[in-house]
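What follows is a set of notes on a single structure, which appears directly below.
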Amino acid sequence: MYQCEERRQDVRVDVTRLGKVYDPRSRKFLPCATCNLSRGGAMLEVVGRLPLQAGDRLMLGLPQ
């Protein structure tokens, strides 16, 4: 698991949902799962590699 500087200030809720993430720059879809959500963001586990940096924007598809 990667360790990142914590930037979220809202309460996190553990939620696991399978979905897919799309990176418009590389035009790649990869499977993912949420680990937790907050009003200010989400922690995702992505299967595969995308050339991402903190603050990059992605499109996320999750079931209801």
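Where a number appears in this text, it was derived from the coordinates with a stated rule and is not lab data. The shown structure was predicted, so the numbers you read here are calculated from the model rather than taken from an experiment. No Cβ is skipped: glycine too gets one built from the backbone with ideal geometry, and neighbour counts run over all protein chains shown.
Label the chain by shape, choosing from rounded, prolate and oblate, from the square roots a ≥ b ≥ c of the eigenvalues of the Cα gyration tensor; if a/c is under 1.5 it is rounded, and otherwise prolate applies when a/b is larger than b/c, oblate when it is not.
Because a/c hits 1.5 or more and a/b fails to exceed b/c, the chain counts as oblate.
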Extended-chain gain in nm, criterion 0.36 nm per residue less alpha-carbon gap, ASP10 and LEU30:
4.5 nm
Stretch gain in nm, segment ARG57-ARG17, where the contour uses 0.36 nm per residue and the Cα spacing is subtracted
12.5 nm
Place a +1 charge on the Cβ of each Lys and Arg in the chain and a -1 charge on the Cβ of each Asp and Glu, then give the dipole magnitude about the Cα centre in debye, rounded to the nearest 20.
280 debye
